[in-house]
Amino acid sequence: MLRLAWLFVAAWVVPALAAPPDDPLRSPAWPYMAERYFAGQTVRFDAAVRVLMPGAAEDPLAVPVYVDAGALADVREILVFADLNPITTILRYEPGELARPSIGFRFKVQQATPLRAAARTGDGVWHLGGAWLNAGGGGCTTPSQASGSGLWKDRFGEIDARLWPRADGLRRLRLQLIHPMDTGLAGGIPAFYLETLALQDSDGRTLARLQTFEPVAENPLLSFDLRGRGAVSIRGRDTQANRFAGTVAP
């Protein structure tokens, strides 16, 4: 009887010890997000991870966001997700040694939600920052403009990119890829979106890798901060195995 009582106490204590840290944003979905993305891992809310965006979404189809984890050392991965979006995962970014752990992008939002960025450092700890975004909604279920026009097919896969030096010694790469980025949530339109993107320098070294998901805005507009010199090559693939390539010179 004593052994059974001990097992009961142990079963009650373990979940309490594994509970996620208290959420400063007070999101009703935080326990589910913590379990989905960080189960069994160490998570810390950290002001060193900044999520910069408007307080309200003027255009729910293209909310501009800049994530900056540059105050942390040895960032291996950045995960961005929105608690209350119907598709929560927005992107995963792996900055290499020649890229700053920061990224700019635009995404589709369906309703008011916390937007979070989690930076995983070399010690395995996830450092989590975020903010609430107010939104009227509809961004994820609205058909892309491309789905209503045949003109986009003439430019599908085009990459427009620019690379210029910054005052801090880094280089800013800004690129746009023509792609509908359909979420699959609009009636009769299947999911169709850019899936991976890789950046390499002129010596073939990988600068950064990016995995994108349905909520990234149509015709993705992305910004990266890179070290080094010379041209940067861009390689991408979407969910229908279309491949995209381009090179941008300084």
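Nothing in this text is a laboratory measurement; each read-out follows from the coordinates by a stated rule. The model shown is predicted, which means the values in this text are computed figures rather than measured ones. Heads up, the Cβs are rebuilt from the backbone with ideal geometry, glycines too, and the neighbour counts pull from every protein chain shown.
Some observations on this one:
- Relative exposure of 181, 53, 33, judged by other C-beta atoms within 10 Å (fewest first): 53, 33, 181
- Using the Karplus relation 6.51 cos²θ - 1.76 cosθ + 1.60 with θ = phi - 60°, the per-residue 3J(HN,Hα) values for segment 92-101 come to 10, 10, 10, x, x, 5, 9, 10, 6, x Hz, with x marking Gly and Pro.
- Looking at the chain, the DSSP beta bridges with both ends there are about 95 percent antiparallel.
- Label-to-label distance for residue 125 and residue 247 is 4.2 nm, based on points extended 7 Å past Cα in the beta-carbon direction.
- The chain, relative contact order [Cα under 8 Å, separation at least 6], %: 19
- Cα shape, segment 65-177, gyration tensor, a/c 1.5 rule: oblate
- Label of the coordinate-derived value, Cα extents along the principal axes in Å, listed as (1) 74, 44, 34; (2) 92, 56, 28; (3) 70, 56, 29: (1)
- Simple point charges give the picture: +1 on the Cβ of Lys and Arg, -1 on the Cβ of Asp and Glu, and for segment 110-236 a dipole about the Cα centre of about 420 debye.
- Cα gyration tensor shape for segment 35-101, rounded if a/c is under 1.5, else prolate or oblate: oblate
- Computed [θ] at 222 nm, deg cm²/dmol, the chain (DSSP H ≥ 4; -39,500 (n - 2.57); rounded to nearest 500): -3000 deg cm²/dmol
- Burial ordering of 155, 171, fewest other beta-carbon atoms within 10 Å first: 155, 171
- Around the Cα centre of the chain, unit charges on the Cβ atoms of Lys, Arg, Asp and Glu (plus for the first two, minus for the last two) sum to a dipole of about 380 debye.
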